[in-house]
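Heads up, the thing below is written out as structure tokens.
Each reported figure results from applying straightforward, stated rules to the coordinates on display, with no laboratory input. Since we're looking at a predicted model, the values are computed, not measured. In this analysis, Cβ positions are derived from the backbone assuming ideal geometry, glycine residues included, and neighbour counts consider all displayed protein chains.
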Amino acid sequence: MTLKITRSKFLKMGLIGGVGFALPLGVWQTARSRISGAEAVVSPKVKPFTVPLPIPPVLKPIRADATTDYYEITQKAGRAEILPGLQTEVWGYDGIFPGPTVEARSGRNVEIRQWNELPVPVSVHLHGGKTPPESDGYPTDLILPEGHGRSTSAHAGHGSVETHRHFFKDYRYPNEQRAATLWYHDHRMDFTGPQNYRGLSGFYIIRDEVEDGLPLPQGEKEVPLMITDRIFEEDGSFYYPSIDPTLEGQPGVLGEYHKGVFGDTILVNGAPWPTMEVSNTRYRFRILNASNARVYDLALDPPPPNGKPFVQVGSDGGLLSAPISHERVRISPAERFDVVIDFSRYPVGTEVTLKNLFGKWSWTSQKEGQTSEVMRFRVAREEKDESAIPGRLAPDLDFPDPEEAEVRREFNIFGSALGMFTVNEKVFDPERIDARPPLGSTEIWEFNSGFDHPMHIHLVHFKVLSRGGKEPGPYDAGWKDTLFVEKGEDVRVAARFEGYRGKYVFHCHNLEHEDMMMMANFEVV
Amino acid sequence: MDAQTRRLETQSVGDKATLRYAAAALALGAQLVHLWVLPEQYAIWVGRGVFFFVIAACQGALAVSLLFEPGRKTFTWGVLLNLFVVFVWGFTRVAGLPAWTVLMPLPVGALDLTATAAELALVALLVRLRRDLPRKERGSGRRVRTLLQNLLLSRLKSGALR
């Protein structure tokens, strides 16, 4: 039997091979190359410890009355020399990164008019704030830029909860809460990750009389440290592996980055591996991990010759009742640790490096090891120390009594499949309410995790009750609003839902997980 | 056959060819839309990339086949393929894309609407072209039928079915 192939058949087979197979294969290869290219981007080399630590400026109120301080912030693009010799465009509050620090007093109102001069919609969340729902920065409560239409999100099903304003919005913060280190940041639906990454975050510090009465280090010796990690392109611009870099269409990130965007350059207060000159006295550091996904295990190198390096005096929700000493501080995204370091234990001239013991870890081998250092302290001079760490920091913390809890809820936080992350096997839907705690009630919430997830609950602070059925961990002390749940762990917390009725979210604060729908609603009724 | 009948037949063949070329163009257009969005779909999730790759490959193969006087089978497969693609599009827009235990409706965009319109027009053309082709018994069907007939006859002869 002979196989006869006519010219026509040959042509047909050739065309089918080309149009039906080779062409799609070529496009497939292009798609793959884009992803592998994104995973291979490496920042320009920077010599660590050559840049001084910047301190974000404190924002001044434009006016004040008997009850309220009024501020204005404009969200806009700005330029900064983050890497020496290179210019980076940042999207910042007042065009700077980190944004200006807001200093508030407990019980005194703050009203901030947020202007949007960026090309994309924004929403501002005061992280750790006991805030009325209309000022909480709900993900679809957006401030649209000039000329921007309503339809802005690619994840469909956002429904009728969307509210939009053009140009500005007034956020009202009653500050009916204890002294604490809070922070404000962008919270736009689907695009919180890239918009924070470009610089939309700043400190918000609440003070009160209890804290004023303590002899803790203050003034120049009370230092906010915002730790972030970033990838830079060769020209100095931030590199964020968005599927759609315009941040207008399809949300999400490329390839392995869907597990979280990990940068290879550590920034503290927006400077790469900075140095701070200190005297041989105590300093209080308000440490915030504002990274999108990276968890740090902070340690001092060399460690002090006697005693533990860090004395924790505060957590997410303010002062602890008594200080706790730590060899290391593990801090996951959005957590805050208020620690005192006593440099009197080092001789003048010593250089002390703040290390990240998790720094060798990375998705891609090219970036391995670059993130194991954070910043350096240089003990430059002798000085008399008038500060102290009292054994008692704050009155007994009024934690919710788990015995009072009438409701216990369980949340399985798993992912990812189909490019999505879920809470109780459901992706975020702004119209679906997953919990309705009554105002003033106490509930026990249990989080079971299939991966590392820093879970954040809006409105409330909570007390960690147990981890994996055992006692809470060393970093669970005090009031928390963000909880690091490790892979395979189940963690129980008790929260009292007080302050305001309304709809709030709780979500993973790995911002790539959050953008890919690992979020849910609760409504205080 | 007079000249007018011949002219009419030639015209009919010409019309059918035009329809086939139009169908090929629609299939190619649908393929190009699927190829255009393939990189983004791949970036979202590899499974979505694979789906768009397969659909694009099938539409491309269909477009080429339509240029070479295809048989009924090609038209049948073309109709089924495009009905499937339109169904998937409609389902993911109305009910939603299955994501774990819930369905997440996808937004309707200009590009996917264009592709769906092309696919619906393509289905209509393919049905019309298929209808005009003479029905031919498929080889495998004929073989099976003959086999069964022979089996039945032999059983009848042997008295097994009495």
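So the values come out like this:
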{"quantity": "Nearest-20 debye value, segment A:210-266 charge dipole, Cβ charges on Lys, Arg, Asp, Glu", "calculated": "180"}
{"quantity": "Amide proton proximity set for B:MET104, modelled H, under 5 Å, gap of 5+", "calculated": "B:LEU97, B:ALA99"}
{"quantity": "Per-residue ³J(HN,Hα) for segment A:180-197, Karplus 6.51 cos²θ - 1.76 cosθ + 1.60, θ = phi - 60°, Hz, x for Gly and Pro", "calculated": "6, 8, 10, 8, 10, 7, 5, 9, 5, 3, 6, 10, 4, x, x, 7, 5, 4"}
{"quantity": "Pairs beyond 24 Å (Cα-Cα), from A:LYS130/A:LYS463; A:LYS130/A:LYS503; A:LYS169/A:LYS503; A:LYS169/A:LYS463", "calculated": "A:LYS169/A:LYS463"}
{"quantity": "Segment A:451-499 and segment A:270-336: distance between their alpha carbon centers, rounded to Å", "calculated": "19"}
{"quantity": "Shielding by other protein chains, A:26-32, mean Cβ within 10 Å", "calculated": "6"}
{"quantity": "Phi to ³J(HN,Hα) by Karplus 6.51 cos²θ - 1.76 cosθ + 1.60 over segment A:132-139, Hz, x for Gly, Pro", "calculated": "x, x, 6, 10, 7, x, 4, x"}
{"quantity": "Neighbour-count order for A:ARG188, A:ARG436, fewest beta carbons within 10 angstrom listed first", "calculated": "A:ARG436, A:ARG188"}
{"quantity": "Mean ellipticity per residue at 222 nm, deg cm²/dmol - from DSSP H runs of n ≥ 4 across chain A, formula -39500 (n - 2.57)", "calculated": "-2000 deg cm²/dmol"}
{"quantity": "Antiparallel bridge percentage (DSSP; both residues within chain A; nearest 5)", "calculated": "70"}
{"quantity": "Dipole axis of segment A:432-495 (+1 Lys, Arg; -1 Asp, Glu on Cβ), positive-most option in A:LEU465, A:SER449, A:VAL485", "calculated": "A:LEU465"}
{"quantity": "Dipole of the protein assembly as shown, positive direction: furthest Cα of B:PHE53, A:THR74, A:VAL19, with charges on the beta-carbon", "calculated": "A:VAL19"}
{"quantity": "Net charge, A:THR442 excluded, C-beta distance under 13 Å - Lys, Arg +1, Asp, Glu -1", "calculated": "-2"}
{"quantity": "Positive-end residue, segment A:175-229 charge dipole about Cα centroid, Cβ charges, pick of A:GLN218, A:MET189, A:PHE203", "calculated": "A:MET189"}
{"quantity": "Cα-based equivalent ellipsoid of the protein assembly as shown: semi-axis lengths in Å, sorted from largest, via gyration tensor", "calculated": "62, 27, 25"}
{"quantity": "Within segment A:261-389: Cβ-based charge dipole about Cα centre, in debye rounded to nearest 20 (Lys, Arg +1; Asp, Glu -1)", "calculated": "120"}
{"quantity": "Mean Cα-pair separation over length for segment A:239-351, i.e. relative contact order, pairs under 8 Å, 6 or more apart, %", "calculated": "28"}
{"quantity": "Relative contact order [Cα under 8 Å, 6+ residues apart], segment A:456-515, whole percent", "calculated": "44"}
{"quantity": "Between helix A:23-39 and chain A: long-axis angle, C-alpha atoms, 0 to 90°, nearest 10", "calculated": "20"}
{"quantity": "Mean separation of Cα contacts under 8 Å, 6 or more apart, over the residue count of chain A: relative contact order %", "calculated": "14"}
{"quantity": "Cα centre as origin, Lys/Arg/Asp/Glu Cβ charges: chain A dipole, Debye", "calculated": "1660"}
